[in-house]
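Engineer: Got a structure for you, written out below as structure tokens; questions coming shortly.
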């Protein structure tokens, strides 16, 4: 998360054009879209422990390289884009392998709580990473934001090596590496409306609400808060999401009427985006971003629970790979959209119009897929698999 914030700041240092920030998203999403059929199949076929160790090591090396080009102060965005794309390649293989493990670690009835705890971990990093990154960039230099990220990968590698082999043991027959097996994940999603609609909701909402892309412009030119203020603004969504995750893990341990709750949370995400776009001071912007994070945190727990419960283990890696197309494709393509609109009409219009687009998109998904709106429990997820 420190590196994600640092890359946007790095690009803004090299080029003042908003479209250059939008292109960062393209560099991340193209590998995800291109490799999605293969990455899920690889996660379902090969030993997931070895796969995770390889991808984590690769991302650490990319972080080292990014630090080097920051240290030598490159005047071109091309090497930044190239390394961002390389990191996305490793990430595209890493995520299906990691997410496919979760249902093997906890009982099915505890999955919502497990995703909440996992969200606490992730969102804590989302808060601390950008916040510390802003201080690091401002005090000791951009390169150290990258190099500290590279060092952090040792923790992940040690954690994976410390786990027993049992969660990595595949249930059922391993799929062969064939074209038919590669596209089976897409076929499964298309014939399971409950999963498809949850992915589509994620895609359209995040496509229109990509406020984070323009944070460097807001921090420098609208709110005038500098690098450290930028770090806290980037972390604000994590503050909101972590708060929501804690409440879901320890207070609201069972979410009633999960379908309507999902749609309401995404709708409020769009409202908060509009609020942020209209903000003219740091506190208002921070609170709006925190509300965005909280609403996204609620929807993430519900969406992940639905997908994992409705997917058999032998297809789980490929389902996650298809989901990557939606949840990474939406915001990254949205980054480009935000940059293009900001280039033409200004950052405020870009963010506000995106929030309005999110509200329209949520309404469309709710009307088109009634099954998701009516979703309530695990039995419905099992029925979706049977259908």
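Values in this text are rule-based calculations from the coordinates and carry no lab data. Since the structure is predicted, the reported quantities are computational estimates derived from the model, not experimental observations. Neighbour counts run over all protein chains shown; Cβ positions are idealised from the backbone, glycine included.
Engineer: Could you tell me whether the stretch 120-279 comes out rounded, prolate or oblate from its Cα gyration tensor? Rule is a ≥ b ≥ c as square roots of the eigenvalues, rounded for a/c under 1.5, then prolate if a/b exceeds b/c, otherwise oblate.
Structural biologist: Oblate, because a/c is 1.5 or more while a/b does not exceed b/c.
Engineer: What shape does the chain have by the C-alpha gyration tensor, where a ≥ b ≥ c are the square roots of the eigenvalues, rounded means a/c under 1.5, and otherwise prolate means a/b greater than b/c and oblate the rest?
Structural biologist: oblate
Engineer: In what sequence do 284, 209, 75, 299 fall when counting other Cβ within 10 Å, fewest first?
Structural biologist: 75, 284, 299, 209
Engineer: Sort 273, 311 by Cβ crowding within 10 Å, fewest neighbours at the top.
Structural biologist: Sorted ascending by nearby Cβ count, the order is 311, 273.
Engineer: May I pose another question? If packing is taken as the mean number of other Cβ atoms within 10 Å per residue, what is the order of 289-296, 101-108, highest first?
Structural biologist: Order by mean packing, descending: 289-296, 101-108.
Engineer: Length gain on complete extension for the stretch residue 73 to residue 257, per 0.36 nm per residue less the alpha carbon to alpha carbon distance?
Structural biologist: That works out to 61.0 nm of additional length.
Engineer: Could I ask something else about it? Efficiency by 1/(1 + (r/R0)^6): what FRET value for residue 278 and residue 61, r their Cβ-Cβ distance, R0 = 45 Å, to the nearest 0.05?
Structural biologist: So the FRET efficiency works out to roughly 0.60.
Engineer: So what's Rg/Rh here for the stretch 36-86, counting alpha carbon atoms and using the Kirkwood radius for Rh?
Structural biologist: 1.14
Engineer: Just check the stretch 306-353 against the gyration tensor rule for me: Cα atoms, a ≥ b ≥ c as the square roots of the eigenvalues, rounded for a/c under 1.5, and otherwise prolate or oblate depending on whether a/b exceeds b/c.
Structural biologist: prolate
Engineer: Oh, and also: Just to be sure I understand the model, the point goes 7 Å from the Cα along the line to the Cβ. What's the resulting residue 179 to residue 343 distance in nm?
Structural biologist: Those two pseudo-labels are separated by 3.6 nm.
Engineer: Sorted from largest down, give the three principal axis spans of the alpha carbons of the stretch 236-387, whole angstrom values.
Structural biologist: 49, 33, 28
Engineer: How high is the FRET efficiency between residue 15 and residue 54 when r is their beta carbon distance and R₀ equals 51 Å, given to the nearest 0.05?
Structural biologist: 0.95
Engineer: Determine the gain in length on full extension of the stretch residue 360-residue 264; use 0.36 nm per residue of separation and subtract their C-alpha separation, reporting nm with one decimal.
Structural biologist: 33.3 nm
Engineer: Defining a contact as two alpha carbons under 8 Å apart and six or more residues distant in sequence, what relative contact order in percent does the chain show?
Structural biologist: Relative CO of the chain lands at 30 percent.
Engineer: Using the 10 angstrom Cβ neighbour count as an exposure proxy, how do 45, 10 rank, fewest first?
Structural biologist: Neighbour counts put them in this order, fewest first: 45, 10.
Engineer: Stretched out fully, how many nm does the piece from residue 162 to residue 190 gain, at 0.36 nm a residue minus the Cα gap?
Structural biologist: Stretched fully, the residue 162-residue 190 segment lengthens by 6.4 nm.
Engineer: Quick one: check the C-alpha center-to-center distance for the stretch 61-93 versus the stretch 291-347, whole angstrom.
Structural biologist: First find each Cα centre; the distance between them is then 23 Å.
Engineer: Still on this structure, I have one more. Determine, from the Cβ-Cβ distance of residue 368 and residue 33 and an R0 of 22 Å, the FRET efficiency 1/(1 + (r/R0)^6), rounded to the nearest 0.05.
Structural biologist: It comes out at approximately 0.45.
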